Amino acid sequence: MALRDIDAQLPIAAAVEKDPAIRWVWIILLVHLAAWTIVPTLANRNLTFDSIEMWFWGQNSQLGYSKHPPLPAWCAHALTSVFGKQEIVLYFGGQCAVVLAMWGVWKLARHWLSSSLALLSLLLLESCYFFNWKTVQFNNNTLNLPWWALSALMFHAALMQNRRRDWVATGVFLALGMYTKYDIAFLGLSMVALLVVHPGARPLWRTAGPYLTASTTLILIAPHLIWTVSSHFPTIQYAMNRSQHAGGFLDHIVNPLTFLLSQTAAVAPAALLLWPALGQKWKLRDWNSDQSYVRSFALFIGMGPFGLYLLLSAITGAKLSPGWGAPLWMFWPLLLLTCFEFSNDPIKLRWVLYRATMVATLFPIAFVAERFISPYVLQNWSHAAFPGQELGAAVQQAWHGEYATTLPWVGGDWWLAGNASFYSEDTPCIYGDLDRRVSPWASDEKLRTAGGVLVWSEDSKHPGPPADWQQRFPEMHSLGVIEIPYHTSAKVSPARFGMARVPPANQVELANKLDQPLRR
């Protein structure tokens, strides 16, 4: 049993191989890839916050980390290992994920929409800041996008043809999504809901397909699940901490409404761009009863995960981060174009395409302007202006001023230590926050044995390193405080860092045997 007969009846879908707009599809994807790789590389003077974190984690391959599943960190390490430790490599890698997601959405759109409307559903994604501005961060939200799109694409193929390979592929992409961020489980639940609710899909429960998807997903994510349990659920605890709320009754109303409003900025541009062609009164597309699957699929896949987020917040009162909406809206243009009547007037369609192109062009311009102007307006620094390269050189020099060996470890606040390692030629191992929960591969003993440099942000109110550092590393030698200006001409106070050198254990033992103080 399959839904292939329904697919064959869709009057406006055509074979993708004969798509006359295929050239424009590839132009859009390649322009996006180039623009959003080059623009942040030039506009940002330092890697973004999450990008440093992914690279820091990826230095040591684990089945999970203190905040998130491991796949983005693995990808960050793989990319920099193959192509070099350069900022542009991570920007390029993130945009490859975005482009793959956009391609998946377009492929799905071509099953139901004409060539021009499918192209429009692709171009409208450029009006959503979750697909451009936010993707300069190489993080779990960005790397999660393709798995949502490809899972939906393969699920549609499985419903249409009921081929085992499509059900298995759906499970593979859902598993990759789980290794990236757990919110793809909401997409999986929406798929289950469609199989339960739609009468044409219900008979598929009597086939092996849905069970192949479920078993494939569970088998592939089993190693991470085992790690999660054995590590006492750190990723779950992190998500719960991020969604903490006051605990009052109003949280069950205010928090879901706040999330709903926060997502308006993501969906409004596509709706506004389409408004002239949708008309003043939006009319539902007249799919006949045999083709109701189209609308059902678009609604369940396009709105189901968002509805589950709101339901979760309403039941628990959890506070939802606006950034969690990143993958929720990739099917929004497709949903509008499949559910509502769209004007066939070629002039209106052309103007929608022109306006969408203009909006897509304005986003990188606005990004560059924001990076330049914000320090003047806020009178504060941003991570994009952080002097990571200078800090890396200073930390490396602090070690090489005493030892001829490669710097083995850098420890301290993970953001500082991560920058020092990324921008250092030695690429020392990172002991983030000097906390094994953050860096389970590190320990005080390892750092004392090999030696390293500790770094911290120098605060005039609390000068010097944290109080317990001297107790944990009594042999460390303070190297004073350095000041490094941020990468902006705005009047922003320079960054102040304190550093201390921890000598290798063999040097400490030698000094003790000779009864001589270690050279400072």
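Please work out if Ile28 is crowded, with 18+ Cβ neighbours inside 10 Å, farther than 20 Å from Met178 by Cβ and not basic (Lys, Arg). Taking the combined requirement at face value, the residue satisfies it. Only a single criterion out of (1) in contact with a Gly (Cβ under 8 Å, 6 or more places away or on another chain); (2) at negative phi; (3) open to solvent by 20 Å² or more (accessible area, probe 1.4 Å) is not satisfied by Asp433, namely (2). Given the conditions (1) in contact with a His (Cβ under 6 Å, 6 or more places away or on another chain); (2) surrounded by fewer than 18 Cβ atoms within 10 Å (Cβ to Cβ); (3) farther than 22 Å from Met191 by Cα, report the number of the one that Ala314 does not fulfil. Result: Ala314 passes all but (3). Restricting the first member to the range 484-502 and to residues that are within 15 Å of Glu458 (Cβ to Cβ), and the second to residues that are open to solvent by 50 Å² or more (accessible area, probe 1.4 Å) and among the hydroxyl-bearing types (Ser, Thr, Tyr), the beta-carbon pairs closer than 6 Å and six or more apart or on different chains are Ala500/Ser478.
Taken together, Ser66, Ser61 contain a single residue that is modelled with pLDDT under 95, outside any helix (DSSP H, G or I) and open to solvent by 50 Å² or more (accessible area, probe 1.4 Å), which is Ser61. Kindly indicate whether Trp456 is in a helix (DSSP H, G or I) and at pLDDT 90 or above. So Trp456 does not fit the description; no. The single condition among (1) under 19 Å from Ala268 (Cα atoms); (2) open to solvent by 40 Å² or more (accessible area, probe 1.4 Å); (3) more than 20 Å from the chain's Cα centre (by Cα) that Arg295 does not meet is (1). Does Ser424 meet the test of being open to solvent by less than 30 Å² (accessible area, probe 1.4 Å) and under 17 Å from Leu407 (Cα atoms)? The answer is yes for Ser424.
Of everything listed in (1) part of a helix (DSSP H, G or I); (2) farther than 16 Å from Leu143 by Cβ; (3) touching a strand residue (DSSP E or B) at 6+ places or on another chain (Cβ under 9 Å), the single unmet condition for Phe56 is (2).
Scanning the range 365-382 for residues that are in contact (Cβ under 8 Å) with a residue 40 or more places away in the chain and open to solvent by less than 40 Å² (accessible area, probe 1.4 Å) returns Phe367, Pro375.
In the range 37-58, which residues are open to solvent by less than 10 Å² (accessible area, probe 1.4 Å), in contact (Cβ under 8 Å) with a residue 24 or more places away in the chain and of a type in the set (Gly, Ala, Ser)? Hit for the range 37-58 is Ser51, nothing else. Which of the following residues is free of Cβ contacts under 8 Å to residues at least 12 places away in the same chain and open to solvent by 10 Å² or more (accessible area, probe 1.4 Å): Leu349, Leu353, Leu362? None of the others qualify; the one that does is Leu362. The conditions of being among the aliphatic types (A, V, I, L, M), part of a helix (DSSP H, G or I), under 19 Å from Phe331 (Cα atoms) and touching a helix residue (DSSP H, G or I) at 6+ places or on another chain (Cβ under 9 Å) are not met by Val168.
Filtered by the rule that a residue be among the hydrophobic types (A, V, I, L, M, F, W, C) and within 20 Å of Ser424 (Cβ to Cβ), the range 79-108 gives Leu79, Val82, Phe83, Ile88, Val89, Leu90.
Check the range 148-159 and report whether any residue there is part of a helix (DSSP H, G or I), open to solvent by 10 Å² or more (accessible area, probe 1.4 Å) and not aliphatic (A, V, I, L, M). Scanning the range 148-159, I find no residue that is part of a helix (DSSP H, G or I), open to solvent by 10 Å² or more (accessible area, probe 1.4 Å) and not aliphatic (A, V, I, L, M), so the answer is no. Anything in the range 80-96 that is farther than 20 Å from Lys134 by Cα and in contact (Cβ under 8 Å) with a residue 12 or more places away in the chain? List them, or say none. Selection gives Thr80, Lys85. Considered as a group, the residues in the range 87-115 that are open to solvent by 40 Å² or more (accessible area, probe 1.4 Å) and in a helix (DSSP H, G or I) include one that is farthest from Leu334 (Cα to Cα), and that residue is Ile88.
The values are calculated or read from the model by the stated rules, or taken from the named source; none is laboratory data. All values derive from a computational prediction rather than experimental measurement. Note that each Cβ is placed from the backbone with ideal geometry, even for glycine, and that neighbours are counted across all protein chains shown. Just the protein is used for accessible areas: all its heavy atoms, side chains included, with ligands, DNA and RNA removed. Shrake-Rupley method; radii C 1.70, N 1.55, O 1.52, S 1.80 Å.
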